[in-house]
Amino acid sequence: NNAGNITITTSIGDVINSGGTGIGAGSQATSASAASQISVTTFGTINSGFDMSTGGGQPGGIWAGYTPGGVGTVNSNVHGNVVVDNSAIINAASGVGIGLYNWGVGNLTATLESSSAITAPVTGVNAYAQGGGNVSITNHGTITVASGVGISAGTGNGVANSVSGVV
């Protein structure tokens, strides 16, 4: 819950089997500079499950982001950025393959490398910078979604002229 960094890295051959979220990296800092970063770099295989109670969030392969004070409202004192570089195979039984969020004003970046293969029932990549930061998604991999959306991205909190960002 402080403004420090979170870094998670997996290796080739690693296998994560989860009943809910495979990897969850979240900060509840109420103040963070632009030097604060959540960084997730993945190789191997991530198998996530159906249980929403594990970790307290939605199920999915990877969930990473900032929720200042644990409250889903924009906090302009949080400038941290979220970066995911995925080379893993992600099999999401429920929810999303990769979910990025930022209730601060920082940016979201997802790079799906050529070995990245995401299979999810609802959304392959879900990236929303609620505080108006920029969202950048580069896909060199494969996204397979049974019924839903391959990539869903947005910026802002729905209040006209309150925030801006580039998707």
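Count of region 128-154 residues, restricted to those that are hydrophobic (A, V, I, L, M, F, W, C) and open to solvent by 50 Å² or more (accessible area, probe 1.4 Å), is 3.
Val83 meets each of the listed conditions (1) open to solvent by 10 Å² or more (accessible area, probe 1.4 Å); (2) outside any strand (DSSP E or B) apart from (2).
Note on region 110-148: residues that are in a loop (DSSP other than H, G, I, E, B) and of a type outside the set (Val, Ile, Thr) amount to 15. The set of residues from region 87-104 being within 11 Å of the chain's Cα centre (by Cα) and open to solvent by less than 30 Å² (accessible area, probe 1.4 Å) comprises Val96, Gly97, Ile98, Gly99, Leu100, Asn102.
Within region 1-30, residues that are touching a residue at least 24 places away in the same chain (Cβ under 8 Å) reach partners that are open to solvent by 60 Å² or more (accessible area, probe 1.4 Å) and among the charged types (D, E, K, R) with beta carbons closer than 7 Å, at six or more positions or on different chains, in the pairs Gly19/Asp51; Gly20/Asp51. The set of residues from region 58-80 being in contact with a Phe, Trp or Tyr (Cβ under 7 Å, 6 or more places away or on another chain), surrounded by 24 or more Cβ atoms within 10 Å (Cβ to Cβ) and within 16 Å of Gly4 (Cβ to Cβ) comprises Gly65, Tyr66, Pro68, Val78, Gly80. For Gly165, the requirement of being open to solvent by less than 70 Å² (accessible area, probe 1.4 Å), of a type outside the set (S, T, N, Q), more than 19 Å from Thr30 (Cβ to Cβ) and assigned to a loop (DSSP other than H, G, I, E, B) is met. Which residue, of Asn107, Asn157, is of a type outside the set (Ser, Thr, Tyr), open to solvent by 30 Å² or more (accessible area, probe 1.4 Å) and either closer than 15 Å to Ser39 by Cβ or free of Cβ contacts under 8 Å to residues at least 24 places away in the same chain (or both)? Being of a type outside the set (Ser, Thr, Tyr), open to solvent by 30 Å² or more (accessible area, probe 1.4 Å) and either closer than 15 Å to Ser39 by Cβ or free of Cβ contacts under 8 Å to residues at least 24 places away in the same chain (or both) holds for just one of Asn107, Asn157, which is Asn107. The residue that is modelled with the highest pLDDT, among those in region 132-167 that are hydroxyl-bearing (Ser, Thr, Tyr) and either touching a Leu at 6+ places or on another chain (Cβ under 6 Å) or farther than 23 Å from Gly61 by Cα (or both), is Ser164.
The values are calculated or read from the model by the stated rules, or taken from the named source; none is laboratory data. Since we're looking at a predicted model, the values are computed, not measured. Methodologically, a virtual Cβ is constructed for each residue, glycine included, from the backbone with ideal geometry; neighbour enumeration extends over all protein chains shown. Accessible surface is based on the protein model in full, side chains and every heavy atom, while ligands, DNA and RNA are left aside. Shrake-Rupley method; radii C 1.70, N 1.55, O 1.52, S 1.80 Å.
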